[in-house]
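The structure appears below as structure tokens.
What follows draws every value from the coordinates through simple rules; no lab data is involved. The shown structure was predicted, so the numbers you read here are calculated from the model rather than taken from an experiment. Using ideal geometry, Cβ is built from the backbone for each residue, glycine included, and neighbour counts are taken over all protein chains shown.
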Amino acid sequence: MHAYPEHIAISKSKGIKIDWADGHHSEFSCAFLRDECPCASCTGAHGTTPQKTDYAKPQPAGNPFQMYKPLPKMLDIEPVGNYALRIEWNDGHNSGIYSFDHLRQICPCPSCKARE
């Protein structure tokens, strides 16, 4: 599958919206994107323990002593060739290269979720 974006709208505090060349539309929150980082340390490549984040996971209700966790924000985003985006996060992480194919595969829209 080769996904190609026709238009990309970026909000460093909210996320990324992509209109794909085939007419599909995807919206990715910052929390979702940070949790879905495809880098080796986050995915556990090379036999290491995955360092996944859980920013998008709902917090359990009823705990009055929740630890405050600042929401992820993009400090910088840059194109990588004509196939991907690299995001620098406010938690210091910046090694994930989000290919357009990866972004299309993880699209969280209801129609894509229904196909899982």
**Fill in**
Quick count over region 79-115, residues being basic (Lys, Arg), free of Cβ contacts under 8 Å to residues at least 40 places away in the same chain and surrounded by 15 or more Cβ atoms within 10 Å (Cβ to Cβ), is 1
**Asked** In region 18-49, which residue that is touching a Ser or Thr at 6+ places or on another chain (Cβ under 7 Å) and surrounded by fewer than 16 Cβ atoms within 10 Å (Cβ to Cβ) is nearest to His102 (Cα to Cα)?
**Response** Cys39
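So that you can scan it fast, the table gives a plain yes or no per residue for (1) within 21 Å of Pro110 (Cβ to Cβ); (2) touching a residue at least 40 places away in the same chain (Cβ under 8 Å):
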position: Tyr4; (1), (2): no, yes
position: Ser13; (1), (2): no, yes
position: Phe28; (1), (2): yes, yes
position: Phe32; (1), (2): yes, yes
position: Asp35; (1), (2): yes, no
position: Ala45; (1), (2): no, no
**Message:** Taking the condition of being under 14 Å from Trp20 (Cβ atoms), of a type outside the set (A, V, I, L, M, F, W, C) and more than 14 Å from the chain's Cα centre (by Cα), how many residues in region 84-116 meet it?
**Reply:** 1
